[in-house]
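Novice: I have a structure I would like to understand better, so I am pasting it below and will then ask my questions one at a time.
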Amino acid sequence: MPVEREQIDRAEQIRSGLAQLKTSLDYDAKKAEIAEIDKQMTAADFWDDADKSQAVVARMKALKALTKPMDEILAELDELDVFFEIGRDDEETAAEIPAKLRSVEDTLAKLQTAALLNGPFDANDAILSINARDGGTDANDWAEMLLRMYINWAQSRGYAVEILDRQDNEEAGINSASVMVRGPMAYGYLKSEIGTHRLVRISPFNSEGKRQTSFAAVDVNPEIDDSIDVDIKPEDVREDVFRASGAGGQHVNKTSSAIRLTHVPTNTVVQCQNERSQHKNRATAWKMLRARLLQREEEKREQMMAEKYKNMAKVGFGSQIRNYFLHPEQRVKDSRTGFAMGSFHEVLDGGVHPFMEEYLRWRVQTD
């Protein structure tokens, strides 16, 4: 099986696409920044300031999330050139070329999707919040199912997940929950999930076995550091202290450590109860509030340009971004992109990433 002209042409197309990506990703500048961070990390006092060093490490991970696939595909192309050279005289080597071409093309496609994560906060960690909406107990159960889905998705990608707040429903499921997701491009991917998620199934809470439609709302904010200026007047924020709920033993019953902050002008409410220390919960709650108010400002700017999320404020029929069906058939379909998967349980077990990637491509087409 000789090396075919079509295979050589495909390799050239990959090189052309890669050259464009290197420019759009500002690859050379990112590699230079990685080298500079490497120097910083070798300094004797680098770890003295924990917050600063963690921010630098997070930046390094975000940079490598884009440059590492580029390095890998460049290496694969170099290897492919060797196969082309040897394959001219060796049929066994030539027979391996189609599979290697497909592998390089798949890597390029993934890199092209990752390159769409170019927003100002896409590389940041994310604060994800889920709230049960219409649908009674089914909605509470549905909210908990979504929480599990996102935790599984994050862990499958090697991200760290920390539950900041969880309000259980007395009968089943949760009323609300907030989690911190830490990892390269966490916000860039999770922002695709902002909106209302609709579930249609035979209700396990209905003795008559009737079909039930329930809703849960998902919100995502980027975690931001103190270098980002968010103007919040202390007098505009009301603080409430209360006892944490859920697991926690005697401490939960004796100590009012949970913190709720309300930004009165915008009626933005956040709360944190995951730490035993009231001080730590207060610091985390303020971080959540700053992130949410910053997100509001970003959305206002985007709405002026493209009327993004114009249905987000609505709850119920007609406003959902994604539909999940367990009855009469099993499938999941995104209302924005039209992308669908036939395996409900695969998606709910954490396999939601294809929807995120499709959303990124759809955004480029609609912006």
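Novice: Please give the number of the condition G188 fails out of (1) assigned to a helix (DSSP H, G or I); (2) at pLDDT below 90.
Specialist: (2)
Novice: Starting from segment 2-19, keep only residues that are modelled with pLDDT under 85, then list their pairs with residues that are surrounded by 16 or more Cβ atoms within 10 Å (Cβ to Cβ) whose Cβ atoms are within a distance under 7 Å, requiring at least 6 positions of separation or different chains.
Specialist: Every condition considered, the pairs that remain are P2/A94; V3/F84; V3/G87; V3/A94; V3/I97.
Novice: Now, a different point. Determine which single condition S214 fails, assuming it passes every other condition in (1) modelled with pLDDT of 90 or more; (2) touching a Ser or Thr at 6+ places or on another chain (Cβ under 7 Å).
Specialist: For S214, the failing item is (2).
Novice: Could I ask something else about it? Among the residues of segment 112-153, which ones are more than 19 Å from V179 (Cα to Cα), β-branched (V, I, T) and touching a Ser or Thr at 6+ places or on another chain (Cβ under 9 Å)?
Specialist: T137 - this is the single residue of segment 112-153 that is more than 19 Å from V179 (Cα to Cα), β-branched (V, I, T) and touching a Ser or Thr at 6+ places or on another chain (Cβ under 9 Å).
Novice: Residue by residue through segment 118-139, note down the ones that are out of contact with any Asp or Glu (no Cβ under 7 Å at 6 or more places or on another chain) and part of a helix (DSSP H, G or I). Even if it seems obvious, please write down each step before you answer.
Specialist: So in segment 118-139, the residues out of contact with any Asp or Glu (no Cβ under 7 Å at 6 or more places or on another chain) come out as 118-123, 128, 130-136, 138-139.
G136, D138, A139 - these are the residues of segment 118-139 that are out of contact with any Asp or Glu (no Cβ under 7 Å at 6 or more places or on another chain) and part of a helix (DSSP H, G or I).
Novice: Let me ask something additional. Identify, please: which residue in segment 217-253 is of a type in the set (K, R) and loosely packed, with under 14 Cβ neighbours inside 10 Å and is, among those, modelled with the lowest pLDDT?
Specialist: Result: K233.
Novice: A further question on this structure: Taking G158 as meeting all but one of (1) on the phi < 0 side of the Ramachandran plot; (2) out of contact with any strand residue (DSSP E or B) (no Cβ under 6 Å at 6 or more places or on another chain); (3) surrounded by fewer than 16 Cβ atoms within 10 Å (Cβ to Cβ); (4) not basic (K, R), write down the number of the exception.
Specialist: (1)
Novice: Among A50, A55, A75, A29, which is more than 29 Å from P222 (Cα to Cα) and either out of contact with any Ser or Thr (no Cβ under 8 Å at 6 or more places or on another chain) or surrounded by fewer than 13 Cβ atoms within 10 Å (Cβ to Cβ) (or both)?
Specialist: Unique residue meeting the criteria: A75.
Novice: Same structure, new question: Kindly indicate whether K110 is under 30 Å from E298 (Cβ atoms) and loosely packed, with under 14 Cβ neighbours inside 10 Å.
Specialist: So K110 passes the test.
Novice: How about segment 87-101: which of its residues are part of a helix (DSSP H, G or I) and surrounded by fewer than 15 Cβ atoms within 10 Å (Cβ to Cβ)?
Specialist: Hits for segment 87-101 are E91, E92, A95, P98, A99.
Novice: Do any residues in segment 47-68 that are touching a residue at least 40 places away in the same chain (Cβ under 8 Å) have Cβ atoms under 9 Å from those of residues that are assigned to a helix (DSSP H, G or I) and aromatic (F, W, Y), where the two are at least six apart or on different chains, and which pairs are they?
Specialist: Note: pairs meeting the criteria are L66/Y27; T67/Y27.
The values are calculated or read from the model by the stated rules, or taken from the named source; none is laboratory data. What you see is a predicted model, and the numbers here were worked out from it, not measured in a lab. No Cβ is skipped: glycine too gets one built from the backbone with ideal geometry, and neighbour counts run over all protein chains shown.
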